2 protein chains.
Amino acid sequence: MFKINENYLKLPGSYLFSDIGKKVKAFTEANPDKKIIRLGIGDVTLPLAPAVIDALHKATDEMAVKETFKGYAPDLGYEFLRTAIAENDYKTRGVDITIDEIFISDGAKSDSGNIQEIFDLNNKIAVCDPVYPVYVDSNAMAGRTGEFLPELGRWSEVIYMPCTEESNFAPELPKVEPDIIYLCFPNNPTGSTINKAELQKWVDYANKAGAVIIYDAAYEAYISEEDVPHSIYECQGAKTCAIELRSFSKNAGFTGTRLAFTVIPKELKCGDVMLNSLWARRHGTKFNGTPYIIQAAGAAVYTEEGKRQTKEQIAYYMNNAKVIREGLAAAGYHVSGGVNAPYIWLKTPGKMTSWEFFDYLLKEANVVGTPGSGFGPHGEGYFRLTAFGTYENTLEAIERIKKL
Amino acid sequence: MFKINENYLKLPGSYLFSDIGKKVKAFTEANPDKKIIRLGIGDVTLPLAPAVIDALHKATDEMAVKETFKGYAPDLGYEFLRTAIAENDYKTRGVDITIDEIFISDGAKSDSGNIQEIFDLNNKIAVCDPVYPVYVDSNAMAGRTGEFLPELGRWSEVIYMPCTEESNFAPELPKVEPDIIYLCFPNNPTGSTINKAELQKWVDYANKAGAVIIYDAAYEAYISEEDVPHSIYECQGAKTCAIELRSFSKNAGFTGTRLAFTVIPKELKCGDVMLNSLWARRHGTKFNGTPYIIQAAGAAVYTEEGKRQTKEQIAYYMNNAKVIREGLAAAGYHVSGGVNAPYIWLKTPGKMTSWEFFDYLLKEANVVGTPGSGFGPHGEGYFRLTAFGTYENTLEAIERIKKL
């Protein structure tokens, strides 16, 4: 008689963004004349860059002809893409990553959900609070998080690192020693970052404690300040303690095109065992590569035109971020983020909870955002707006909020 | 101090196809003048069908324009594709599958590797011997297979169902009751199939034992005989015991394009819990959809032109299968498969082991195949050839083998 993985039943309710979707749907049905502006989900709106489109067409034509048709891709991904990544994302920043330390995948969500598989089930994880839900949920599914305590909104066996206004929404080093530390900078949802000296402290801590850092750098392309590191490997000693996750979703608009990569340096070991080898085995056994045409499109992001065009897209979104940040600040809101990230984190006015402010904003301004409490208990009383809308909509949304 | 998932260390040596790759590479380097013909790995060689290429171009153009650009895809996949699947793969065969029972993914390898996650770690699996290695390896990584016993080439806690010449390479019902049964028909590697009455016995057995069948139907498009079922849901009662895996890799040449789907009927439950809900949660948490342009390409497979063109491709490969089967039979080999599947399974001549025959064929005929023993102990003394080469190469390979 088969049994299910009971850990799944411990997961609380439904996913944040489906709850939002239901509320918005109900409101739209009751108010069909209202024009809703969505600054909630972190999905891009600009079309793919011309260089990427050209590469997709070209690669498609290759798939149409016997001589250039591509079947199964190499396990780790095509060398042309891994070479472009090593050169452009790392070598230019003085970091030496070899191409067999780079694993091409279909998304940072898959990678951040799957990476826990190569670790022992008794390892203890530490996460920021608030945090992107996938880190905790994927560990909960594996049985690494104990019991969910609804009254606290927390799991019994997870180490939470509060990110509060007092610390500029950066986490403090945990008091209990974790085995696996999830860090995400620039941060989703708060939009906060830490500088190189601060990140170095985390690397030193991890090396000393024998912990591994899973460093989610999906938003690195939005960094505008000089001393904010783009890669954790800019820190001394990171290669012996850190795995880095990267994505093409936000820097090149690939949310619906699906491409990402994970870096695992060969120096990162548990005893004699390289985590690189374990991930290679996982990749080779439970994954069969990213489509050739998508990898070709990814390589186009690193061409001169690709770089220029995707930089323009990021500038467009960051201009939206400026509109939101400055507009809300002028209207008297406490705001942070939006300088090195496409997310603006604001304190709800009065004593409103995150969901009360969500309802208020939806009803009074017809603007959709994301309740901070959906990312963890310390997100309560906060709210996330994203810069991924159109300029016109962003401007109008802020005008509406200002008028409240 | 972090620890690794020790189950990974129990996995024996390297992957079958990388061993083959190394041997072929060494031979090619030592004999640069020899023309090697590869009938080993199950990778397609024909380019994508024109209807698919057109759809890729069209979808790429949509991604270039703001108004038709697509960001994150719906969790389960686009409705247009799931509707086409429900209509064409199921309704036409009298099977009623709703679109929320269909989950679009990036490949049957991912699905067959990941599906075990929703089951209890103490569940016991049963597999055919020989078998596609991913079923066992993914369960071994999760810790469900006990210890690997090198002298037997088996795992201590796996129920093996031998597929021998006596039973036409079909498995017999297991003697010990399993919780999860992996079946693959048309079979990889043997190319064997079972008819509807025989499959019905498995469904009845599973329903009675409270076992779940994971039915890999990746090769269903190659079925040529009338009474061989294309879907397990053609059998009475299959919806309460079976999950079906399908792929676009072999029926439409998507090995390098990546598209597949899994069907989990809502009737399939453990107590009150629908496996459909668990997989939906897994899909929503650890996966972010297949690229829009690839899903659009998949839908093109179901158009009238798409169907005609992909049928022609299959006919091309099945003609190769005929060449191999008849050619080898004429040369005195014992052969099976190749009628409802692109794989031909042959008995090695004399008392050669599978690897001895591999070396012999490589050296004397410069033909690469796959040693049957690589798929399990009962594959010893057998050898797999695939029909996925070009017609010209297939013809030449068989001529060379005949001359030995």
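Sum up the lysine pairs in the range A:102-244 that clear both bars: alpha-carbon distance under 23 Å and a spacing of 8 or more or different chains.
Here the count comes out as 13.
May I ask you to work out the translational diffusion coefficient for the range A:53-304 at 4 °C, viscosity 1.567 mPa s, via Stokes-Einstein with Rh from the Kirkwood sum over Cα pairs, reported in whole µm²/s?
69
Direction-averaged shadow area of the convex hull around the Cα atoms of the range B:196-354, nm²?
Result: a mean projected hull area of 12.8 nm².
Please name which of B:Val24, B:Gly306, B:Asn320 has its Cα lying farthest along the dipole of chain B towards the positive end, using unit charges on Cβ (Lys, Arg +1; Asp, Glu -1) and the Cα centre as origin.
B:Val24
Work out how much length B:Lys322 to B:Asn88 would gain on full extension: take 0.36 nm times their residue separation and subtract the Cα-Cα distance, in nm to one decimal.
Result for the pair: 81.5 nm of gain on full extension.
Could you size up the charge dipole of the range B:98-155 around its Cα centre, putting +1 on the beta carbon of Lys and Arg and -1 on that of Asp and Glu, and report it in debye to the nearest 20?
So the magnitude is around 200 debye.
Could you identify which residue out of A:Asp89, A:Asp272, A:Asp43 has the top mean-square fluctuation in a GNM of chain A using Cα springs shorter than 10 Å?
A:Asp272
Based on Cβ point charges of +1 for Lys and Arg and -1 for Asp and Glu, what charge dipole magnitude is obtained for the protein assembly as shown about its Cα centre, in debye rounded to the nearest 20?
240
So the label point sits 7 Å from Cα along the Cα-to-Cβ vector; using that for A:Gly153, what distances do you get to the other copies, in nanometres, sorted shortest first?
5.7
Exactly which GluC sites (Glu not before Pro) in the range A:123-185 are in a DSSP loop and have at most 16 other Cβ atoms within 10 Å?
On the way: sites: A:Glu147, A:Glu151, A:Glu157, A:Glu165, A:Glu166, A:Glu172; in loops: A:Glu147, A:Glu151, A:Glu157, A:Glu172.
Passing both the DSSP loop test and the Cβ count: A:Glu147, A:Glu151, A:Glu157, A:Glu172.
Which trypsin sites (Lys or Arg not before Pro) from the range B:295-380 combine a DSSP loop assignment with at most 13 other Cβ atoms within 10 Å?
Those that pass, being in a loop and sparsely packed, are B:Lys351.
So if I take the centroid of the Cα atoms in the range A:228-290 and the same for the range A:320-396, what is the distance between those two points in Å?
The distance from the Cα centre of the range A:228-290 to that of the range A:320-396 comes to 31 Å.
For A:Lys196 paired with B:Glu356, estimate the spin-label separation in nm (one decimal), with each label point 7 Å from Cα along the Cα-to-Cβ line.
6.3
At 222 nm, what helix-only mean residue ellipticity would the protein assembly as shown give, in deg cm²/dmol to the nearest 500, using -39500 (n - 2.57) for each DSSP H run of four or more?
-11000 deg cm²/dmol
State the Cα centre-to-centre distance between the range A:23-79 and the range B:42-79 in whole Å.
9
In the structure shown, do any of A:Lys91/B:Lys3; B:Lys347/B:Lys402; A:Lys58/A:Lys311 have a Cα-Cα gap over 26 Å, and if so which?
A:Lys91/B:Lys3
Given the options A:Glu220, A:Glu67, A:Glu101, which has the most mean-square fluctuation in a GNM of chain A, springs set between C-alpha atoms less than 10 angstrom apart?
Maximum among the listed residues: A:Glu67.
How big is the charge dipole of chain B about its Cα centre, in debye rounded to the nearest 20, if each Lys and Arg gets +1 on its Cβ and each Asp and Glu gets -1 on its Cβ?
Numbers: 43 positive and 52 negative charges, 144 e Å.
Dipole magnitude for chain B comes out near 700 debye.
Distances from B:Gly332 to the same residue in each other copy, label points 7 Å out along Cα→Cβ, in nm, shortest first?
9.8
Quick one: go through the range B:101-139 and flag any residue whose amide nitrogen is under 12 Å from the point 7 Å out along the Cα-to-Cβ line of A:Lys3.
B:119-124
Mind telling me which of A:Gly337, A:Gly21, A:Gly71 comes out most flexible in a GNM of chain A, alpha-carbon contacts under 10 Å?
For chain A, modelled as a Gaussian network with Cα springs under 10 Å, the answer is A:Gly71.
So, in Å, what gap is there between the alpha-carbon centers of the range A:147-167 and the range A:91-106?
So the separation of the two Cα centres works out to 33 Å.
Of all DSSP beta bridges located in the protein assembly as shown, what percent are antiparallel, nearest 5?
Expressed as a percentage, antiparallel bridges in the protein assembly as shown total about 60.
P(r) for the range B:68-169, please, calculated from all Cα pair distances in 10 Å bins and given in %.
Here the calculated profile for the range B:68-169 is 12, 30, 27, 22, 8, 1.
So for chain B, averaging the separation of alpha carbon pairs under 8 Å that are six or more residues apart and normalising by length, what relative contact order in percent results? Before the final figure, lay out the partial values.
On the way: 765 pairs, mean separation 91.9, N = 404.
With pairs under 8 Å counted, the relative contact order is 23 percent.
Once the convex hull of the C-alpha atoms of the range A:129-185 is built, how many Å³ does it hold per residue, rounded to a whole number?
Taking the convex hull of the Cα positions in the range A:129-185, it is 97 Å³ per residue.
Quick one: Cα convex hull volume of the protein assembly as shown, Å³ per residue?
Taking the convex hull of the Cα positions in the protein assembly as shown, it is 160 Å³ per residue.
Using the C-alpha gyration tensor of the range B:176-237, what are the square roots of 5 times its eigenvalues, in whole angstrom, with the largest one first?
Taking √(5λ) for each eigenvalue gives 20, 13, 9 Å, largest first.
In nm to one decimal, list the spacings between the B:Glu177 label point and its equivalents in the other copies, with label points set 7 Å along Cα to Cβ, shortest first.
4.7
Taking the convex hull of the Cα atoms, report for the range A:294-392 its projected area averaged over all directions, in nm².
Values: hull surface 31.9 nm².
Reported value for the Cα convex hull: 8.0 nm².
Starting from the Cα-Cα distance between A:Glu392 and A:Asp61, subtract it from 0.36 nm times their residue separation and give me the gain in nm to one decimal.
115.5 nm
Suppose each label sits 7 Å from its Cα in the direction of the beta carbon; what would the B:Glu157-A:Asn122 distance come out to in nanometres?
The answer from the label model is 1.6 nm.
Where a number appears in this text, it was derived from the coordinates with a stated rule and is not lab data. What you see is a predicted model; the values in this text were computed from it and never measured. Note: ideal-geometry Cβ built from the backbone for every residue, glycine included; neighbour counts use all protein chains shown.
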